[in-house]
Amino acid sequence: MKGLREKILSAVVIVSVVIFSSTVLAKELTKPTVTNAHWYPSYHIAAPSGWINDPNGFSYFNGEYHFFYQHYPYDVKWGPMHWGHVVSKDLIHWERLPIAIAPDKIYDASGGCFSGSALERDGKLYLMYTGHVDLPVPTKDGINRIETQNIAVSDDGINFTKLAANPVLYVPTDRGDISGNDFRDPKIWFHGGKYYAVVGSRNKAETIGQVLMFESPDLENWSFKSIVARSEGNQGDMWECPNFAEVDGRDVLILSPMNIKAEGKKFLNLQQSGYMLGDLNYDMGIFTHGEFEMLDCGFDFYAPQVMQAPDGRCILIGWLDMWGTPMPEQADGWAGQMTVPRELHIKDGKIYSTPVKELELLRGNKTFYENLSLTKATKLDGVRGDVGELLTTIDLTQSKNFSIELRSSGKEKTILSYDKATGIVKLNRDKSGEALTGEREVKLSPADEMTLQIFIDRSSLEIFINDGEAVFSTRLYPKANSKDIIFIPTQGALHLKQVTFYNLHAGIPQP
Ligand code: FRU
């Protein structure tokens, strides 16, 4: 069976490579230049130019955090995927390294090196990624692409060599109700003396999302274990980018299901990313779990990847964008950025995400106020900017409804509002600037105060509410001088126990 698949793959890939070389490569490939950096992030990971999507290979190797990303360096839109690469000693100040892997083998040349993960073993950094090949003609069984898992290894964490034995994994369609089309985004980890991988999948009818589990003694030889989890009800028809993680002693499956239907004000984005808490039985290869919950209630958050840091923390970075959404920065020669690194914890049976403590290293000039009772719309001296961090604690025993305008010029504004009667917080970007509109909301549990920690960058906001009870992430494209923050009591007075604003230093090399 494997022999036949390999033959089909070789034949198809040769045809595809010839087509690819004669069309794409015939045109001279040049990298776009960033012509205007007004929306380019100051401290979020972004490509030097060109396109990025999913986080990949988030890992720790030789005393440094490595972070890779889906990257097309030759255009501002998606193209055959490469892995871009940055490295950091502190998760915050990132240095650029050369592109780690490019599509150049029969199993990845035509479609690209799709998402995957990384792990250190015996002093080497292993990447496992999906080689994607589109078939020029579908087979009679309706197969129109070949996705395989492949390994690239590095001694120095900079130069990677793809294994001669690749692909190390073919889709095991003969081991259950497993579609031959979608088999991607491996996440590898080590547990109890063995290596494990989970890979995103769906059933043959393409109506149910699922995750396949594999095991290996050495990261190179793999065997199929099980369909470890599947969607039930409205949980999507393809599960992309699965991650297994251990958070505060619990097993967590983090996943990006496609085509979940909106439920009221929930699941409004084109695709969702979230988690299921449960128990992973490694012997049986079965994950018993609770409901699918969202990790972020904003507009732009997808394909998050986690890593277990050496100190035991489970740290997550997501793509701070969403498929199908306009990206006006494309006109400036680049597209896409990542979230800040977030630490995951479990509280009251839910995942809380908070910005990692290392972000404090970015803090510069500080402005501080306490015990403010505002009865009209108020700007506070020193509390404004297009790159900064706002922290505030609101006394809910004395405040009623209020809103906070961010990146405001009066005309342009992104509005966070709170309704006391319902406990609902809304984020509205109808007037945020170019291209984007819409509103997202979340209901908070009743409390005497609300804390907000808001990361402002040139074209993004990440709003952490009540130490991670809820998070809103959004891109936005305001004018560079829309920098005000306005506190607005909309009913009664607004009591702020404290307001702190930090200007933040740069964390990523600027174009
Ligand atoms: C998710 C995704 C992955 C795939 C990658 C391709 O955003 O579709 O499933 O590996 O993007 O760039």
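The values are calculated or read from the model by the stated rules, or taken from the named source; none is laboratory data. Note that the coordinates shown come from a computational prediction; the quantities given were computed from them, not determined experimentally. For neighbour counting, all protein chains shown are included, and Cβ atoms are generated from backbone atoms with ideal geometry for every residue, glycine included. Protein only, heavy atoms only, side chains kept; ligands, DNA and RNA dropped before computing areas. Shrake-Rupley method; radii C 1.70, N 1.55, O 1.52, S 1.80 Å.
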Item to complete: Report the charge-dipole magnitude of region 394-459 in Debye, nearest 20, computed about the Cα centre from +1 at each Lys and Arg Cβ and -1 at each Asp and Glu Cβ.
Response: 180 debye
Practice prompt. Calculate, in nm to one decimal, what Thr375 and Ala331 gain on full extension: separation in residues at 0.36 nm each, minus their alpha carbon distance.
Written response: 11.6 nm
Worksheet item: Over the alpha carbons of region 360-503, what is the largest minus smallest coordinate on each principal axis, giving the biggest first in Å?
Response: 36, 33, 29
Worksheet item: So, by mean Cβ neighbours within 10 angstrom, what's the order for 100-113, 369-382, 308-321 with the highest one leading?
Response: 100-113, 308-321, 369-382
Worksheet item: Taking only protein heavy atoms and a 1.4 Å probe, what accessible area per residue, in Å², does region 243-283 have with all protein chains in place?
Response: 42 Å²
Discussion item. Apply the Karplus curve 6.51 cos²θ - 1.76 cosθ + 1.60, θ = phi - 60°, to the phi angles in region 57-72 and return the couplings in whole Hz, x for Gly and Pro.
Written reply: x, 5, 7, 10, 8, 6, x, 9, 7, 10, 9, 10, 8, 4, 8, 10
Worksheet, complete the sentence: Whole-Hz Karplus couplings 3J(HN,Hα) for region 467-479, θ = phi - 60° and coefficients 6.51, -1.76, 1.60, Gly and Pro as x, run 6, x, 4, 9, 9, 10, 10, 8, 7, 7, 10, x, 6
Worksheet item: Each residue of region 291-307 in order: what ³J(HN,Hα) in whole Hz does its phi give by Karplus 6.51 cos²θ - 1.76 cosθ + 1.60, θ = phi - 60°, with x for Gly and Pro?
Response: 5, 7, 10, 7, 8, 7, 9, x, 9, 10, 6, 8, 6, x, 10, 10, 9
Worksheet entry | Cα-projected label distance for Asn62 with Asp122, points at 7 Å along beta-carbon direction, nm | 1.8 nm
Discussion item. If packing is taken as the average number of other Cβ atoms within 10 Å across a peptide's residues, how do 296-303, 191-198, 452-459, 175-182 rank, most packed first?
Written reply: 296-303, 452-459, 175-182, 191-198
Worksheet item: Put a dot 7 Å past each Cα toward the Cβ at Asn221 and Arg250; how far apart are the dots in nm?
Response: 3.8 nm
Worksheet item: Once the other residues with Cβ under 15 Å from the Cβ of Pro41 are scored (Lys, Arg +1; Asp, Glu -1), what is the net sum?
Response: -4
Worksheet item: How large is Rg/Rh for the chain, to two decimals, with Cα atoms and a Kirkwood Rh?
Response: 0.98
Item to complete: Past 18 Å, Cα to Cα, is the threshold; run Lys187/Lys225; Lys31/Lys479; Lys379/Lys483; Lys379/Lys497; Lys265/Lys413; Lys411/Lys479 against it and keep the listed order.
Response: Lys31/Lys479; Lys265/Lys413
Worksheet item: Using Cα atoms only, what is the angle between the long axis of helix 2-20 and the major principal axis of the chain, expressed in degrees (0 to 90) to the nearest 10?
Response: 70 degrees
Discussion item. Using alpha carbons only, how many angstrom separate the centre of region 213-281 from the centre of region 40-69?
Written reply: 22 Å
Worksheet item: Which pairs in the list Lys347/Lys400; Lys376/Lys443; Lys162/Lys357 are over 28 Å apart, alpha-carbon to alpha-carbon?
Response: Lys162/Lys357
Item to complete: Let me know the charge dipole size of the chain about its Cα centre in debye, to the nearest 20, where only the beta-carbon of Lys, Arg (+1) and Asp, Glu (-1) is charged.
Response: 940 debye
Worksheet item: How much length is gained on full extension from Thr35 to Ile424, taking 0.36 nm per residue of separation minus their Cα-Cα distance?
Response: 136.0 nm
Practice prompt. Set Lys and Arg Cβ to +1 and Asp and Glu Cβ to -1, take the dipole of the chain about its Cα centre, and tell me which of Ile101, Gln491, Thr367 lies farthest positive.
Written response: Gln491
